[in-house]
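Accompanying notes for the structure given below.
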Amino acid sequence: MNTLTVVKIGGNIIDHPAALHAFLQDFASLGSPKILVHGGGALATGMLEKTGVPVRMHEGRRITDEETLKICTMVYAGWINKTIVAQLQHAGCHALGLSGADANTVPAVKRPPAPVDFGFVGDVSAAQINAPALSLLLAHGLCPVFCAITHDGQGGLLNTNADTMASAIAAALSKTYRTKLLFCFEKAGVLANPDDEDAVIPEITPSYFAQLKEQKIISKGMLPKLENAFAALHAGVAEVHIKHAGNLRSEKGTKVKI
């Protein structure tokens, strides 16, 4: 089986042009096939604040009302996605910018309102991913670049956690490829001390994750990231790593194991 690398890029890297440019240069140099999934939460939050739309979060996940959805779509599927695609083209990577609505690649189900009403937020699973369409794009030498906007199949858009999206895509394609999933951001990995970049936890298992969560060593956005990492491994993904965007091609960072 060919190895497919699915990379999720997020955190503050998106908001710093030099850091994003350096990451995209490294990503472009990775062997194919590959898929990039990007976040953009900080930029979306800034736009929401500028327009006076309240920013609401719950355990690291955004609560998305109708106005929030409009701005997130404009930021994620518009400026960020097309900027990334343009830079990848310049770096020699034949990229194709997509949302989950395009070619029905990533349909989603609106999250039920209980116990927390997240609004226009979509949940995705590996079974829903249009793996044949993605495989066709990959076979033609294209690199799909996904923003975290999906659709409900009824004409509506949904905001989806980018980590969840990357996990589901990697899992869906694990039947065709040996898939490797990398979560990249501005930290060196999962840290035992958030203020110490040298305190990288080299490996995390489910039992250790439960311990770290109970001790509140990890919280907020790291919680869904690790939950999605374990879900990917259970669904057939061969490797999952959490690392600094600058270490894309190295073995540095945190390896997630089951």
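Remark: pairs (first residue in the range 86-102, closer than 11 Å to Leu36 by Cα and in contact (Cβ under 8 Å) with a residue 24 or more places away in the chain; second residue small (Gly, Ala, Ser) and in a strand (DSSP E or B); Cβ separation under 8 Å; 6+ apart in sequence or on different chains) = Leu88/Ala95. Just so you know, in the range 37-68 the residues that are of a type in the set (Gly, Ala, Ser) and in a loop (DSSP other than H, G, I, E, B) include one that is nearest to the chain's Cα centre (by Cα), and it is Gly39.
All of (1) surrounded by fewer than 19 Cβ atoms within 10 Å (Cβ to Cβ); (2) more than 21 Å from Met165 (Cβ to Cβ) hold for Ala188 with one exception: (1).
Residues that are of a type in the set (Gly, Ala, Ser) and in contact with a strand residue (DSSP E or B) (Cβ under 9 Å, 6 or more places away or on another chain) were ranked within the range 111-149; the one that is surrounded by the most Cβ atoms within 10 Å (Cβ to Cβ) is Ala148.
Pairs meeting the criteria (first residue in the range 194-218 and under 23 Å from His234 (Cβ atoms), second residue among the hydroxyl-bearing types (Ser, Thr, Tyr), beta carbons under 9 Å, at least 6 apart or on different chains) are Ile201/Tyr208; Ile201/Thr254; Pro202/Thr254; Glu203/Thr254; Ile204/Thr254; Lys213/Ser219. Total residues in the range 227-247 satisfying the condition of being modelled with pLDDT of 95 or more and touching a Leu at 6+ places or on another chain (Cβ under 9 Å): the figure is 11. Taking the condition closer than 29 Å to Gly236 by Cα and in a helix (DSSP H, G or I), does Ala22 pass? Here the answer is no, as Ala22 does not meet what is asked.
Just so you know, in the range 221-258 the residues that are without any contact (Cβ under 8 Å) to a residue 40 or more places away in the chain and in a loop (DSSP other than H, G, I, E, B) include one that is surrounded by the most Cβ atoms within 10 Å (Cβ to Cβ), and it is Ser250. Given the structure, is Ile71 within 18 Å of the chain's Cα centre (by Cα), surrounded by 15 or more Cβ atoms within 10 Å (Cβ to Cβ) and not polar (S, T, N, Q)? No, not satisfied.
Report those strands (runs of 3 or more DSSP E) wholly inside the range 110-220 carrying at least 2 residues which are modelled with pLDDT of 95 or more and not aliphatic (A, V, I, L, M).
Once the strands (runs of 3 or more DSSP E) in the range 110-220 are filtered for at least 2 residues that are modelled with pLDDT of 95 or more and not aliphatic (A, V, I, L, M), what remains is 143-146, 149-151, 178-185.
Restricted to the range 1-55, and to residues that are among the aliphatic types (A, V, I, L, M) and free of Cβ contacts under 8 Å to residues at least 60 places away in the same chain, which residue is farthest from Ala148 (Cα to Cα)?
If we take residues in the range 1-55 being among the aliphatic types (A, V, I, L, M) and free of Cβ contacts under 8 Å to residues at least 60 places away in the same chain, then Ala18 is farthest from Ala148 (Cα to Cα).
Within the range 74-93, being buried (at least 18 other Cβ atoms within 10 Å of the Cβ), hydrophobic (A, V, I, L, M, F, W, C) and part of a helix (DSSP H, G or I) holds for Val75, Ala77, Ile80, Ile84, Val85, Leu88.
Which of the following residues is out of contact with any His (no Cβ under 6 Å at 6 or more places or on another chain) and either farther than 25 Å from Gly236 by Cβ or surrounded by fewer than 19 Cβ atoms within 10 Å (Cβ to Cβ) (or both): Leu36, Leu4, Leu96? If you could, list the steps in order and put the result at the bottom.
On the way: Leu36 fails: either farther than 25 Å from Gly236 by Cβ or surrounded by fewer than 19 Cβ atoms within 10 Å (Cβ to Cβ) (or both); Leu4 fails: either farther than 25 Å from Gly236 by Cβ or surrounded by fewer than 19 Cβ atoms within 10 Å (Cβ to Cβ) (or both).
Exactly one of Leu36, Leu4, Leu96 is out of contact with any His (no Cβ under 6 Å at 6 or more places or on another chain) and either farther than 25 Å from Gly236 by Cβ or surrounded by fewer than 19 Cβ atoms within 10 Å (Cβ to Cβ) (or both), namely Leu96.
May I ask you to verify whether Glu59 is exposed (fewer than 14 other Cβ atoms within 10 Å of the Cβ) and at positive phi? So Glu59 passes the test.
The values are calculated or read from the model by the stated rules, or taken from the named source; none is laboratory data. Computed from a predicted model, the values in this text were never measured in an experiment. No Cβ is skipped: glycine too gets one built from the backbone with ideal geometry, and neighbour counts run over all protein chains shown.
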